[in-house]
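The values are calculated or read from the model by the stated rules, or taken from the named source; none is laboratory data. What you see is a predicted model; the values in this text were computed from it and never measured. All Cβ positions, glycine included, derive from the backbone under ideal geometry; neighbour counts span all protein chains shown.
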């Protein structure tokens, strides 16, 4: 029998405290393994002087093409250099090229794309046609020719070359995003309030298109590293004396005939694994977007 | 089982990573052949989920936790997808909210309707299929079916698309039709036509319909029975007359009271305090108790069962328990006007007082108020390239006096947004002048000379959408932005303190200072936009559809805020909206726009009681009135998609009341 | 008509750029003609050689001469091969087209199938496994994949030949050709497949989230009909246009494969002509690739316009007002 004392007016009570949200493991959804691997590679390459067993540039001619064993952990290449040390030392060059060229290409792409996005329609058309012509010129040609102008290749020149040729797709994306953000109401409101071009660029446009290019920038690092290794393999990248993962692979033709699988496999595995982890990171960045439900299943 | 559709104690939950969201809790309903049932409630109360769960169209994260659904005698609760496919289209079918995206943009109308027909009559021949498709198109009220058959969705306007969606839904002769807010995205006049169409089809085909909506006017026009939902539960169910004239549950009563028509002549709209609960961890007991001024102790303890008022009227509130007899008398004695009585608009005393206030204002208006903004013969065009141009605004002239709220109404495409943007110098109009305090803002030289003053004294508020606030700026940064841009030193010390003051002023908790707009609700975001506009202490505020995307109860809160700003501080507003009821409540004077021209302008009383232009008359007659008796008795004017004449000039038919008319 | 003019103009511009840049860059074209004997030539001999090859005149004169000859069909002589440049290319073009063309067709078909397979059950075990595998495979650099395949299949297992397009003496033997094609073709297909399959998968999943899918289901259509008749049909136009644009990308990718497999195709030609400044060959190759790129982008645009009914009817409704909810 319910007591009558419950039937009286009490009005609105304050909302009860919500129980603390169930703690989701902070590492769920993030590619932990990839990040850890990348950190290992990065620190390994940076601190390689402390644990390298041999000098990577030393040509130990008595020990050419030795399979992996106790003394040479990953074996030696056809010129007698220790592959284990070369991996860590050469990783520096590859990573540096990847990061530096991406910085360069992102910088160019942001300037170009933002300018084109804010420009009047005719200028925008012109700039986009220019980008399309740049895409249609064969990339190989540009690289070779710029190489010829700059002289013998070095880490800096290769980064420059890859940076100069890699900005086009990002610029297109940035320009589309900027065009779209410009129509948003908060930008119109800022203009009404008296905001100048730079204020709008800094406060309104940039923070909104940066997330979408984060993903592209990470992918650019990956393609820059892959491009460097391809170029070095073909002989127009870093020369043999400058050690990078790509230049290590440029000896592979000789290695094939010598059946020295470790010269080909080991640098390639490191290269692929690094690229894979960078890709995972990029994909995770892209997934941090709004999700809609799947209407079909 | 008597009914066509029977739902018993249905509970549906979404299993999300954050936890279980109980969207539908313990719902029981029944639907008879040929009956129209309306599901009313605010957004998020579970009405859409209920319909989709009956048709099993929910995403895989949603599961039926408990309860049974009986359709035409069979228990379909555990039916698999294969069996449901056979039923969908044949037994029940659905019309969705947004006609723009409901149709496949790459298939022609005829193909889509034909597909619907063929999914249930596999062996139908080519000629018979065509005939049936044309029959359906004609049934949906589109004349010349052969022409429509080959068109694509993007060739059609919103109303025509919704008719096509209806034709698709009726292809299999369904016995139950679910309509999920079918007219929310449409203009008022189109809405009236579509509702008329629904009624006609329901009469011809005897289809039972479940209408989901949040608009009580639509309910009054379209429904036989009404079920009110709140927080996933049905709180009251009964015939339309019973719900509108004798609401028993406090939430239903509050809904009725928050209609603008109820507050006619008063200073503020009645608002329901608080916000709808999040269904992630729904509170125990009666979910409405946390917003109910007259909540009982037992409401917090235990959820009330359905109590019987009459055979057809049930309400789930402890007030109907016999132990609450004394409380009921107590509450009704306080004059809590529960029901709708539009003739004597409820509280007589309130009206008289408000009448007095109005008189005072008009007495003041005897001394001519200064004209703050004057628009003279404004014209603007958009060019679409290839030599084509669209006339957005043509020859619009009106005045706004200091301290008044001027409403600009019209349907989509009428040019009202363009007028606002021209006034705020976002666009430069092709022709015409806009004088703000005597300065011609369209003249570049004068604009530059007075730029600072113009940029601080006039501010703009947009419709709440994802793009009206910068998602990557914190709330206090957004509010303080005008001050930073205007290089003004914050009078309260720092920008942050200034932002806090403005937030307090518009009724936002200061704990939101460091949050991002995505963490706020629609009403809160709109308050931030208003606070941002108020930072520079403007004189004139232009609001471009500020309440269109908000819930009804939140709309009332924002409108009250506007009214408060006008009365306490003398702000002048240009209020653009398409909801005529809100405009009638809030505005002093109003202008009606149609296809870029201002067809009528004058005081609200004049225009709404004696509309001069045929378009205004059609518009007013198309608005559904939330009163079933009057709605049924009303015969809507012959509403076709006709063109109203736009010839003539502005003729003053009574002091202050201008109509576009042919002279002589 | 306007498009044709634009096309011709772009090719012209391209030829000018390539001509000037290749000649301005340092390097000695005589090396490609004479090989290592250049170092031993005396200055008079060099002078005579340059005059004979027409390298002494100012650049614009050289360009006009080249243009004049080109419009008559004479693209000059390749310095290295000492044959007509067009002849050199013609003999090798076929091989590249076989490799690239077959690769393209295979990529087109398989990425579509793979993408549909993944999208059918999103987040199902098959989708997850394929996505994981695909990501890993797409990270493998093309040349390294080629090397590893040679190592395994040609050297260790000796199942397949490691280089060339055909064994010596068996020029016309079809089966021999096919056997030689298998490894290079697999490299080309595997390295590009996942990129396009992922794109197809994402595009279909985007369509699946559209509102019209709900209407289609409420008509009573089953899942398979909705997927194929609605979502896929809407995703195909953008897929076609992307594939049209990617033709030069795939063909360009064959260059590296040709190098690793010593496959006699245009890839090695391009590399050599750029490296060793074989001007005439370089010009012709660049012009050909430029034509290909521009043709493909025009084709993509054409496909877009034809298939998407919104653009086809020329109707673009102006959204003048702020959208209502």
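General remarks:
- Residues that are in a helix (DSSP H, G or I) and over 23 Å from residue C:234 (Cβ atoms) within the stretch B:138-153 comprise B:138, B:139, B:145, B:146, B:147, listed in sequence order.
- Pair list, Cβ < 7 Å and 6+ apart or interchain, from the stretch B:311-326 residues that are within 14 Å of chain A (Cβ to nearest Cβ) to residues that are surrounded by fewer than 12 Cβ atoms within 10 Å (Cβ to Cβ) and assigned to a helix (DSSP H, G or I): B:323/A:4
- Residue list for the stretch A:142-156, restricted to those being surrounded by 14 or more Cβ atoms within 10 Å (Cβ to Cβ) and touching a residue at least 60 places away in the same chain (Cβ under 8 Å): A:143, A:144, A:147, A:153, A:154, A:155
- Number of the exception - residue C:30 against (1) at pLDDT 75 or above; (2) over 28 Å from residue C:298 (Cα atoms): (1)
- Tally, over the stretch C:136-156, of residues that are over 19 Å from the mean Cα position of the chain (by Cα) and either more than 13 Å from chain A (Cβ to nearest Cβ) or in contact (Cβ under 8 Å) with a residue 60 or more places away in the chain (or both): 2
- Listed by position, the helices (runs of 4 or more DSSP H) contained in the stretch B:290-384 that have at least 1 residues being at pLDDT 80 or above and within 14 Å of residue B:250 (Cβ to Cβ) are B:297-301.
- Set side by side, the residues B:484, B:515 differ, and just one is within 13 Å of chain A (Cβ to nearest Cβ), in contact with a helix residue (DSSP H, G or I) (Cβ under 8 Å, 6 or more places away or on another chain) and more than 16 Å from residue A:185 (Cβ to Cβ), which is B:484.
- Single residue of A:201, A:238 found to be in contact (Cβ under 8 Å) with a residue 40 or more places away in the chain and within 30 Å of residue B:538 (Cα to Cα): A:201
- In the stretch B:439-458, the residue that is surrounded by the most Cβ atoms within 10 Å (Cβ to Cβ) out of those that are more than 11 Å from chain A (Cβ to nearest Cβ) and in contact with a helix residue (DSSP H, G or I) (Cβ under 9 Å, 6 or more places away or on another chain) is B:441.
- Checked against the criteria, residue A:203 counts as in a helix (DSSP H, G or I) and either within 11 Å of chain B (Cβ to nearest Cβ) or closer than 30 Å to residue B:546 by Cα (or both).
- Residue tally, condition buried (at least 17 other Cβ atoms within 10 Å of the Cβ) and either modelled with pLDDT under 75 or more than 9 Å from every other protein chain (Cβ to nearest Cβ) (or both), over the stretch A:257-276: 5
- Set side by side, the residues A:189, A:171 differ, and just one is within 14 Å of chain B (Cβ to nearest Cβ) and in a helix (DSSP H, G or I), which is A:189.
- Meets criteria (more than 8 Å from every other protein chain (Cβ to nearest Cβ), within 30 Å of residue B:44 (Cα to Cα) and not in a helix (DSSP H, G or I)) for residue B:182: yes
- Those residues of the stretch A:174-186 which are more than 7 Å from chain B (Cβ to nearest Cβ) and assigned to a helix (DSSP H, G or I), in sequence order: A:174, A:175, A:176, A:177, A:178, A:179, A:180, A:181, A:182
- Any hit, the stretch C:236-243, residues being at pLDDT below 80 and either within 14 Å of chain A (Cβ to nearest Cβ) or touching a helix residue (DSSP H, G or I) at 6+ places or on another chain (Cβ under 8 Å) (or both): no
- Comparison of C:272, C:258 shows that the only residue that is away from chain B (no Cβ under 14 Å), crowded, with 22+ Cβ neighbours inside 10 Å and part of a helix (DSSP H, G or I) is C:258.
- Verdict on residue B:52 being in contact with a helix residue (DSSP H, G or I) (Cβ under 9 Å, 6 or more places away or on another chain), in a helix (DSSP H, G or I), within 13 Å of chain C (Cβ to nearest Cβ) and under 18 Å from residue B:15 (Cβ atoms): yes
- Extreme residue, modelled with the lowest pLDDT, among residues of the stretch C:159-190 that are within 14 Å of chain A (Cβ to nearest Cβ) and in a helix (DSSP H, G or I): C:183
- In the stretch B:459-471, the residues that are at the interface with chain A (Cβ under 8 Å from one of its Cβ atoms) and part of a strand (DSSP E or B): B:459, B:460
- Taken together, the residues in the stretch B:89-123 that are within 30 Å of the chain's Cα centre (by Cα) and more than 7 Å from chain C (Cβ to nearest Cβ) amount to 8.
- Scanning the stretch B:151-160 for residues that are closer than 17 Å to residue B:196 by Cβ and touching a helix residue (DSSP H, G or I) at 6+ places or on another chain (Cβ under 7 Å) turns up B:158, B:159.
For every residue, the table says whether it meets (1) surrounded by 14 or more Cβ atoms within 10 Å (Cβ to Cβ); (2) touching a residue at least 40 places away in the same chain (Cβ under 8 Å); (3) closer than 30 Å to residue C:163 by Cβ.
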position: C:44; (1), (2), (3): no, no, no
position: C:57; (1), (2), (3): no, no, no
position: C:86; (1), (2), (3): yes, yes, yes
position: C:103; (1), (2), (3): yes, yes, yes
position: C:112; (1), (2), (3): yes, yes, no
position: C:118; (1), (2), (3): yes, yes, no
position: C:126; (1), (2), (3): no, no, no
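- Among the residues of the stretch A:247-267, those that are under 17 Å from residue C:257 (Cβ atoms) and assigned to a helix (DSSP H, G or I) comprise A:249, A:252, A:253, A:256, A:264.
- Residues of the stretch B:506-521 that are crowded, with 17+ Cβ neighbours inside 10 Å and part of a helix (DSSP H, G or I): B:506, B:512, B:517.
- Filtered by the rule that a residue be more than 11 Å from every other protein chain (Cβ to nearest Cβ) and outside any loop (DSSP other than H, G, I, E, B), the stretch B:420-432 gives B:422, B:431, B:432.
- A count restricted to the stretch A:225-247 and to residues that are at pLDDT 80 or above and within 11 Å of chain C (Cβ to nearest Cβ) stands at 11.
- All positions within the stretch A:136-150 that are within 7 Å of another protein chain (Cβ to nearest Cβ), touching a helix residue (DSSP H, G or I) at 6+ places or on another chain (Cβ under 7 Å) and modelled with pLDDT of 70 or more: A:144, A:145
- Answer residue from the stretch B:59-82, given it is part of a strand (DSSP E or B) and within 14 Å of chain A (Cβ to nearest Cβ) and is surrounded by the most Cβ atoms within 10 Å (Cβ to Cβ) among those: B:62
- Checking the stated criteria, residue A:195 turns out to be assigned to a loop (DSSP other than H, G, I, E, B) and buried (at least 20 other Cβ atoms within 10 Å of the Cβ).
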